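A short worksheet on the structure shown next.
Derivation of every value follows stated rules applied to the coordinates shown; laboratory data play no part. Computed from a prediction, not measured in an experiment: that's the story for all the values here. Here the Cβ positions follow ideal geometry from the backbone for every residue, glycine too, while neighbour counts run over all protein chains shown.
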Amino acid sequence: MAYTLVEAAKMSNDILQAGVIELFVRDDPILERLPFIEILGNGLTYNVEETEATAQFYAVGDDWVESTPTVVQATAVLRILGGDADVDNFLKRTRSNVNDLKAEVIAAKVKAVKKEFMEGFYYGYNAGAPKEFDGIHKLLNSSTYNTVAVGTNNTTPALLRMVKLEEAVDMVKGFTPELMMMSKAMRRYINVYLRGAGGITYEDRANKRVQSIYGIPVGVSDYIKNTENCDQNLTTYAYEPTTPAAASDGATSIFILSFGPKQVCGCHADPIQIVPIGNENLELKDASRYRVKWYVSIMLQNILSCAKVSGIDFDGVVAA
């Protein structure tokens, strides 16, 4: 069974760990919704349906044609993410509240782990950086089933037309789109268009007002870049912001996501761990050390569960 990090934290008796998870997911629409499957071993192998089966009408006496979907195996390999945080013994001894100092130091490290995970969620590229997992940009790479590439000549981003965004929404089949993610700048320019076309729509969700487009809640992320490459060669990654060895084309992307074990899903060996390292006297520092670590990856089992629009010129006039 898959649980979000918030739900998993409710089952923990470790107050520090529960607090760390709450801090980790705070104010992030992806982490609030992304379920995680706990797995044994160092990875999870799953089947991905690449092409659909076909059917047709026959006349009496016709030869029947066999058709089955094309399925390939993929493996979400757990990657090691984390970092060490040192609490200075002098400060711990001279400050009145030791727990506050420890919490501040660990909170700063959790923030760094969150930043690295979210950048990997969008732009992870294992072939170029073997220590990373593949991100959602890499997992969504089919122009037939889940990608609308609007850039031209592989180097020139194109202004967004709302019909292209709607085309990407329509690519999600058999699942309900739960979230539309974009950069803050992209949302600003879409909202300029929406104000002129009849206004912005909002929905009440979880005691807060959320903008929606085509009935899908809109989320923004500082981790979605406006410096992406807009190469349309969909047989390779092609949409990295600056690495590996790709020049920025000043492009951005919009993602239409659904979450679940067959959709966008995380997998990990355990929730985020906070581990004290040794005693209070490190060999080279007068400090105690805590290790924040997470064995984690993401997966996308059904290529029809999510979609994206790539190669968008984010700071131009949005049209119908």
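Values computed for the structure shown
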item	result
Least to most buried among Val48, Val110 (fewest other Cβ within 10 Å first)	Val48, Val110
Charge sum, other residues only, whose C-beta stays under 10 Å from Met118's C-beta, Lys/Arg counted +1 and Asp/Glu -1	-2
Residue-averaged 222 nm ellipticity for the chain, from DSSP H runs of 4+ at -39500 (n - 2.57), nearest 500	-7500 deg cm²/dmol
Largest to smallest principal axis extent of the C-alpha atoms in the chain, angstrom	85, 53, 43
Zero-based 5 Å bins, Cα pair distances in segment 75-139, whole percents	4, 16, 20, 15, 11, 9, 9, 7, 6, 2, 0
Filter on Lys111/Lys164; Lys164/Lys293; Lys138/Lys184; Lys109/Lys164; Lys114/Lys262; Lys92/Lys131 - keep pairs with C-alpha separation over 30 Å	Lys111/Lys164; Lys164/Lys293; Lys109/Lys164; Lys92/Lys131
Nearest 10 degrees, 0 to 90: helix 15-25 Cα axis against the chain principal axis	40 degrees
Inter-site label distance for Ala319 and Arg26 at 7 Å from Cα along Cβ, in nm	4.4 nm
Full-extension gain in nm, Ser67 to Thr201, via 0.36 nm per residue minus C-alpha separation	43.9 nm
